[in-house]
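Everything below concerns the one structure shown next.
The values are calculated or read from the model by the stated rules, or taken from the named source; none is laboratory data. In this text the structure is predicted, and so the values were computed from the model without any measurement. Neighbour counts are summed over all protein chains in view; Cβ atoms, including those assigned to glycine, are modelled from backbone coordinates with ideal geometry.
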């Protein structure tokens, strides 16, 4: 049952200002208009624009007591909460209340950041009926982006026209007048997007999903380079946030982009000459290695609450020394990471990798897959990795070491990346079910390995913990947690056979072998 | 969706004023709020400049033969919608009596709106009837305005007894003093002594204030029109108390 009322946003043409538009409307309607107020505010969102993607707008307004103001939908009352002055706000930095309750599931572990400063002149207006009841709402605004490195950059002036529930006809009349008589056209993008672009940012935010136009006929080396360049952009985009430690996801996304790049280099290795390829694979492996400690500790801390939920609430306090230790370890790991990422070795490695992507790849005779159609090469790799996984999984029984499952998981990641980058070259009806069964298998393998890693980490704290105040008590409770993790790992292992059977089912095997073929068949 | 109802068997005690102001405050807090004007006099609808008319009539609405979404009206307060009164509500007892399980009828009317609103505030007509029984069945809490007098406690006790003995689903009852004239000794004494030791009477009292009476002229909730006035501040305090007490 739809209750939403429509909102239209129009750009004011050059030469028409908000008072002019109000005067125009007053000749036709009873318009009550307030005075324009000048405000300066900051567009706030996570680096990957989660607030915008959830259909909302968040700004920081007010100078004496700054407030975060969340506009959930046009026509709905905004939510506001005082915000401490800081370079970023995580959920725990926001005061408890409706704004935090709304934002928490949207931003999760990401930090809210100031993305653009805007000066605006805003006035509200109402179109009223004969009973002086508001039947259409107007919001008129002129904006200018301030952080342009020079003069403020004027943005599109806008009028937002919102209906009022139960009064569709007056809205239709106002819209008709604005479009047909005043000739207004729909506003181009959101004000926040425009302001971010005018301030030198990307309105889409820092992305993590590769969006490169590929087709099965294209040369494999060109496709690989296009994907790798975009992944390299992601690494560079996430580096400043990682160094500033704005939130944990900058490092996470940086690492994912590096891992995916390594995967492309490995899976499409025939597109590159062997020697420079090995050198770049080594460079990326090193970057992955220097970022591992911090990420591992981030995961420990992010999953801490969920982990300790396994023991009764009255024992949580006893675990605090363990958590404090993790926080200390994480701070130390981050210090080491910053030294590495700011160091010459990293600069050289990255510059070398960029030069590899942007330079000449060498004669095609040294690169057997370079000119082959992408569909052939990628299809071959998908078939081979899948086949290999089927063989590896079939060899796993109850007595197999945990290592076999870990190896299978690694292959699974390879397959997942292949499908993510190149799956669209084949019909979704084939790729989708495959991704689904792969995901089911990877979830089981992931839980199996993560629980082991978590338990190892907790065990690794034991010696140090024994020496701190409250440590022995914490150790007792940690023992319970480690047991619990062990039980969950065993449970995941018990599910392996079932999820592997779905992944390696005869009809799926047949489908993979017949579908993932390129233009040359 | 939580449901609050302002209710008293007596009229002229400040039910509508409380309903419109608390609903406006809830919307101001970002709750998607619906106000249902169940009183055929349509005072809440009048205050929001909405014609007290339900398309197709109240009978069809209550009997589930018209779509409730079609009769809703947005108010001048953003985030607050109104289900308007209709003069036919004066016969609602008869309509309820004709239908099966009358006490469940109003619940059924609101059911399709469950996901669209966080809070519904029901402004009830003064009576004790099938309408009020249907409201008791639906509401999570009854907000009962009490004018301080010697009979206040007795009336309030009667309501409590009725809900206790006659109603299956028992809403929480929260009374508050309304239209308190601090110049009157009796008002002061009752307000200052009665809440002692009782957790069903709110700490906040709503004063008899000119600005509240003038809502009929301004046709706007006092919390919107004169948010810094004494009356508006009292409603804000009452809303904060109700919100905390009922975990809204």
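Hey, does the stretch A:418-438 have a residue that's outside any helix (DSSP H, G or I) and either buried (at least 18 other Cβ atoms within 10 Å of the Cβ) or outside the structural domain of residue A:481 (by TED's automatic domain parsing) (or both)? Steps first, please.
Filtering the stretch A:418-438 for residues outside any helix (DSSP H, G or I) gives A:426-427.
Next cut, either buried (at least 18 other Cβ atoms within 10 Å of the Cβ) or outside the structural domain of residue A:481 (by TED's automatic domain parsing) (or both) only: A:426.
Yes, some residue in the stretch A:418-438 is outside any helix (DSSP H, G or I) and either buried (at least 18 other Cβ atoms within 10 Å of the Cβ) or outside the structural domain of residue A:481 (by TED's automatic domain parsing) (or both).
Only one residue in A:442, A:449 is over 28 Å from residue A:319 (Cβ atoms) and assigned to a helix (DSSP H, G or I). Which one? I'd like the intermediate steps shown before the answer.
Details: A:449 fails: over 28 Å from residue A:319 (Cβ atoms).
Answer to the selection: A:442.
When you scan the stretch A:485-498, do you find a residue that is surrounded by 18 or more Cβ atoms within 10 Å (Cβ to Cβ) and within 30 Å of residue A:219 (Cβ to Cβ), even just one?
no
Quick check, is residue A:192 crowded, with 19+ Cβ neighbours inside 10 Å and more than 28 Å from residue A:267 (Cα to Cα)? Don't jump to the end; show me each part of the working.
On the way: crowded, with 19+ Cβ neighbours inside 10 Å: yes; more than 28 Å from residue A:267 (Cα to Cα): yes.
The answer is yes for residue A:192.
Do we find a residue being surrounded by 15 or more Cβ atoms within 10 Å (Cβ to Cβ), touching a helix residue (DSSP H, G or I) at 6+ places or on another chain (Cβ under 7 Å) and under 23 Å from residue A:474 (Cβ atoms) anywhere in the stretch A:240-248?
no
With respect to the numbered conditions (1) within 12 Å of chain B (Cβ to nearest Cβ); (2) under 34 Å from the mean Cα position of the chain (by Cα); (3) at pLDDT below 95, which one is the sole condition not fulfilled by residue A:100?
Against the list (1) within 12 Å of chain B (Cβ to nearest Cβ); (2) under 34 Å from the mean Cα position of the chain (by Cα); (3) at pLDDT below 95, residue A:100 comes up short only on (3).
Against the definition (free of Cβ contacts under 8 Å to residues at least 40 places away in the same chain, crowded, with 16+ Cβ neighbours inside 10 Å and touching a helix residue (DSSP H, G or I) at 6+ places or on another chain (Cβ under 9 Å)), how does residue A:465 come out, yes or no?
Details: free of Cβ contacts under 8 Å to residues at least 40 places away in the same chain: no; crowded, with 16+ Cβ neighbours inside 10 Å: yes; touching a helix residue (DSSP H, G or I) at 6+ places or on another chain (Cβ under 9 Å): yes.
Against the criterion (free of Cβ contacts under 8 Å to residues at least 40 places away in the same chain, crowded, with 16+ Cβ neighbours inside 10 Å and touching a helix residue (DSSP H, G or I) at 6+ places or on another chain (Cβ under 9 Å)), residue A:465 does not qualify.
Could you check how many residues of the stretch A:62-88 are buried (at least 18 other Cβ atoms within 10 Å of the Cβ) and away from every other protein chain (no Cβ under 14 Å)?
Final tally of qualifying residues: 2.
Please specify each residue of the stretch A:163-188 satisfying the condition of being touching a residue at least 12 places away in the same chain (Cβ under 8 Å), part of a loop (DSSP other than H, G, I, E, B) and surrounded by 15 or more Cβ atoms within 10 Å (Cβ to Cβ).
A:164, A:165, A:167, A:182, A:184, A:187
Does the stretch A:145-158 hold any residues that are crowded, with 19+ Cβ neighbours inside 10 Å, modelled with pLDDT under 95 and in a strand (DSSP E or B), and which are they?
Of everything in the stretch A:145-158, just one residue is crowded, with 19+ Cβ neighbours inside 10 Å, modelled with pLDDT under 95 and in a strand (DSSP E or B), namely A:158.
Please work out if residue B:196 is over 30 Å from residue A:101 (Cα atoms), away from chain A (no Cβ under 14 Å) and surrounded by fewer than 20 Cβ atoms within 10 Å (Cβ to Cβ). Spell out how you get there, then give the answer.
On the way: over 30 Å from residue A:101 (Cα atoms): yes; away from chain A (no Cβ under 14 Å): yes; surrounded by fewer than 20 Cβ atoms within 10 Å (Cβ to Cβ): yes.
For residue B:196, the condition - over 30 Å from residue A:101 (Cα atoms), away from chain A (no Cβ under 14 Å) and surrounded by fewer than 20 Cβ atoms within 10 Å (Cβ to Cβ) - is met.
Regarding the stretch A:97-110, can at least one residue be identified that is more than 25 Å from residue A:305 (Cβ to Cβ), surrounded by fewer than 16 Cβ atoms within 10 Å (Cβ to Cβ) and out of contact with any strand residue (DSSP E or B) (no Cβ under 9 Å at 6 or more places or on another chain)? Walk me through how you get there before you give the answer.
Kept after step one, since they are more than 25 Å from residue A:305 (Cβ to Cβ), are these residues of the stretch A:97-110: none.
No, the stretch A:97-110 contains no residue that is more than 25 Å from residue A:305 (Cβ to Cβ), surrounded by fewer than 16 Cβ atoms within 10 Å (Cβ to Cβ) and out of contact with any strand residue (DSSP E or B) (no Cβ under 9 Å at 6 or more places or on another chain).
Determine which member of the set B:174, B:180 is under 28 Å from residue B:157 (Cβ atoms), buried (at least 21 other Cβ atoms within 10 Å of the Cβ) and modelled with pLDDT under 95. Write out each step before concluding.
Numbers: B:174 fails: buried (at least 21 other Cβ atoms within 10 Å of the Cβ).
Exactly one of B:174, B:180 is under 28 Å from residue B:157 (Cβ atoms), buried (at least 21 other Cβ atoms within 10 Å of the Cβ) and modelled with pLDDT under 95, namely B:180.
Would you confirm, using the coordinates I've provided, whether residue A:210 is outside any loop (DSSP other than H, G, I, E, B) and in contact (Cβ under 8 Å) with a residue 40 or more places away in the chain?
It is false that residue A:210 is outside any loop (DSSP other than H, G, I, E, B) and in contact (Cβ under 8 Å) with a residue 40 or more places away in the chain.
Determine which member of the set A:25, A:58 is assigned by TED's automatic domain parsing to the domain that holds residue A:80, in contact with a strand residue (DSSP E or B) (Cβ under 7 Å, 6 or more places away or on another chain), surrounded by 16 or more Cβ atoms within 10 Å (Cβ to Cβ) and free of Cβ contacts under 8 Å to residues at least 60 places away in the same chain. Don't jump to the end; show me each part of the working.
On the way: A:25 fails: free of Cβ contacts under 8 Å to residues at least 60 places away in the same chain.
Testing whether each residue is assigned by TED's automatic domain parsing to the domain that holds residue A:80, in contact with a strand residue (DSSP E or B) (Cβ under 7 Å, 6 or more places away or on another chain), surrounded by 16 or more Cβ atoms within 10 Å (Cβ to Cβ) and free of Cβ contacts under 8 Å to residues at least 60 places away in the same chain leaves just A:58.
Let me confirm something: among A:8, A:24, which residue is away from chain B (no Cβ under 14 Å) and closer than 20 Å to residue A:165 by Cβ?
Details: A:24 fails: closer than 20 Å to residue A:165 by Cβ.
Matching residue, one of A:8, A:24: A:8.
Among the listed residues A:138, A:184, A:132, identify the single one that is over 20 Å from residue A:16 (Cα atoms) and either more than 14 Å from chain B (Cβ to nearest Cβ) or more than 30 Å from the chain's Cα centre (by Cα) (or both).
Working: A:138 fails: over 20 Å from residue A:16 (Cα atoms); A:184 fails: over 20 Å from residue A:16 (Cα atoms).
Result: A:132 is the single residue among A:138, A:184, A:132 that is over 20 Å from residue A:16 (Cα atoms) and either more than 14 Å from chain B (Cβ to nearest Cβ) or more than 30 Å from the chain's Cα centre (by Cα) (or both).
Going through the stretch B:39-53 one residue at a time, which ones are in a loop (DSSP other than H, G, I, E, B) and either without any contact (Cβ under 8 Å) to a residue 40 or more places away in the chain or buried (at least 24 other Cβ atoms within 10 Å of the Cβ) (or both)?
Quick first cut of the stretch B:39-53, residues in a loop (DSSP other than H, G, I, E, B) only: B:39-42, B:48-53.
Those that are in a loop (DSSP other than H, G, I, E, B) and either without any contact (Cβ under 8 Å) to a residue 40 or more places away in the chain or buried (at least 24 other Cβ atoms within 10 Å of the Cβ) (or both): B:39, B:48, B:50, B:51, B:52, B:53.
For the stretch A:249-265, does any single residue satisfy the condition of being crowded, with 17+ Cβ neighbours inside 10 Å and without any contact (Cβ under 8 Å) to a residue 24 or more places away in the chain?
Taking every residue of the stretch A:249-265 in turn, none turns out to be crowded, with 17+ Cβ neighbours inside 10 Å and without any contact (Cβ under 8 Å) to a residue 24 or more places away in the chain.
If we scan the stretch A:28-38, do we find a residue that is within 14 Å of chain B (Cβ to nearest Cβ) and not in a loop (DSSP other than H, G, I, E, B)?
We begin by selecting, within the stretch A:28-38, every residue within 14 Å of chain B (Cβ to nearest Cβ); these are A:30, A:32, A:34.
Add one more test, that the residue is not in a loop (DSSP other than H, G, I, E, B), and what stays is A:30, A:32.
The answer is yes, given that some residue of the stretch A:28-38 is within 14 Å of chain B (Cβ to nearest Cβ) and not in a loop (DSSP other than H, G, I, E, B).
Which residues, counting only those in the stretch B:205-221, are in a helix (DSSP H, G or I) and modelled with pLDDT of 95 or more? Give the steps one after another, and end with the answer.
Residues of the stretch B:205-221 that are in a helix (DSSP H, G or I), as a first pass: B:210-213, B:215-218.
Answer for the stretch B:205-221, where residues must be in a helix (DSSP H, G or I) and modelled with pLDDT of 95 or more: there is none.
So, in the stretch B:67-108, exactly how many residues are away from chain A (no Cβ under 13 Å) and either outside any loop (DSSP other than H, G, I, E, B) or more than 26 Å from residue A:131 (Cβ to Cβ) (or both)? Show your work before the answer.
Let us first name the residues in the stretch B:67-108 that are away from chain A (no Cβ under 13 Å), namely B:85-108.
From what's left, either outside any loop (DSSP other than H, G, I, E, B) or more than 26 Å from residue A:131 (Cβ to Cβ) (or both): B:87-108.
Going through the stretch B:67-108 one residue at a time, the tally reaches 22.
Tell me the residue from B:86, B:118, B:168, B:81 that is in contact (Cβ under 8 Å) with a residue 24 or more places away in the chain, surrounded by fewer than 16 Cβ atoms within 10 Å (Cβ to Cβ) and more than 19 Å from residue B:14 (Cβ to Cβ), please.
Matching residue, one of B:86, B:118, B:168, B:81: B:168.
Given the options B:62, B:3, name the one that is more than 14 Å from chain A (Cβ to nearest Cβ), at pLDDT below 85 and touching a helix residue (DSSP H, G or I) at 6+ places or on another chain (Cβ under 6 Å). Talk me through it step by step, then tell me what you get.
Details: B:3 fails: at pLDDT below 85.
Sole residue among the options that is more than 14 Å from chain A (Cβ to nearest Cβ), at pLDDT below 85 and touching a helix residue (DSSP H, G or I) at 6+ places or on another chain (Cβ under 6 Å): B:62.
If I ask for residues that are in contact with a strand residue (DSSP E or B) (Cβ under 7 Å, 6 or more places away or on another chain) and within 14 Å of chain A (Cβ to nearest Cβ), which ones from the stretch B:19-35 would you list?
B:23, B:24, B:26, B:27, B:30, B:31, B:33, B:34, B:35
What single numbered condition from (1) touching a strand residue (DSSP E or B) at 6+ places or on another chain (Cβ under 9 Å); (2) part of a helix (DSSP H, G or I) fails to hold for residue A:250?
(1)
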